[in-house]
Amino acid sequence: MSQQLAGRGLGVVPGRLWRRGVLAVAAVGALLFVWWFVTTPPALPTREGHVTAVTTVGKPVFVGVWSTGSDFGRELHVAGVRLRADATVAVDLEPLLCRGGSVGVTSDPAPFCRDLLDPAGTTLGPGDSLVVRVVAEEPGAVYLDRPSLAFREGPRWGNREAGTEAVLAIVTP
């Protein structure tokens, strides 16, 4: 008769498979938490109501849709700004970053902004604002939704709405 020594031979160690399963579930849970954390930055400030502006055909108007204020306390690395509008006529919309100032409604933002830049690839911080340049070649009306910013803030990134809506009338001169 053959004898088998204790601790030798084939067999299943009780609990090993169960522990590996628990570790796998914990690892997947941790990865999902990290993914959620990275892709859900805090919301950006929004405001109820809207900005109202009137301009003439062919003349650009600059409408301030979001101002960070000096107490903003965040630094956003902007990848881009998405604008959505419902309009009765063809309209050109261009988002701009007003560095070091803010605009309500104006035909010349230069006195109010230290620099006026394309927001894609820039950093938006305290005291900056987002402005939309609007031009139409026919009389009509434009309803501009809140802008949506694609940005990174530290390790977090995402798309968030900010600011307020705008209603514009384009009239004949």
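So here's what we get for this one:
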item: So ARG160, is it assigned to a strand (DSSP E or B) and open to solvent by 70 Å² or more (accessible area, probe 1.4 Å); result: no
item: Looking only at region 113-138, and only at residues there that are part of a loop (DSSP other than H, G, I, E, B) and among the acidic types (Asp, Glu), the one that is most open to solvent (accessible area, probe 1.4 Å); result: GLU137
item: Count of region 78-88 residues which are part of a strand (DSSP E or B), surrounded by 15 or more Cβ atoms within 10 Å (Cβ to Cβ) and touching a residue at least 60 places away in the same chain (Cβ under 8 Å); result: 4
item: Contacts under 6 angstrom Cβ, first residue in region 93-112 being among the basic types (Lys, Arg), partner in a loop (DSSP other than H, G, I, E, B) and open to solvent by 60 Å² or more (accessible area, probe 1.4 Å), 6 or more apart; result: ARG99/ARG114
item: Failed item, numbered, when ALA110 is tested on (1) over 17 Å from GLY64 (Cβ atoms); (2) of a type in the set (A, V, I, L, M); (3) outside any strand (DSSP E or B); result: (1)
item: Residues being among the polar types (S, T, N, Q), surrounded by 13 or more Cβ atoms within 10 Å (Cβ to Cβ) and in a loop (DSSP other than H, G, I, E, B) - total across region 89-107; result: 1
item: Cβ pairs under 8 Å, 6+ apart, first in region 36-50 and closer than 16 Å to ALA162 by Cβ and touching a residue at least 12 places away in the same chain (Cβ under 8 Å), second aromatic (Phe, Trp, Tyr) and surrounded by 11 or more Cβ atoms within 10 Å (Cβ to Cβ); result: PRO41/PHE151; PRO41/TRP157; LEU44/TRP66; PRO45/TRP66
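The values are calculated or read from the model by the stated rules, or taken from the named source; none is laboratory data. Just so we're clear, the structure is a prediction, and the values are computed from it rather than from any experiment. Cβ coordinates were reconstructed from backbone atoms using ideal geometry, including for glycine residues, and neighbour counts include every protein chain displayed. Please note that ligands, DNA and RNA were not included when accessible areas were found on the heavy atoms of the full protein model with its side chains. Shrake-Rupley method; radii C 1.70, N 1.55, O 1.52, S 1.80 Å.
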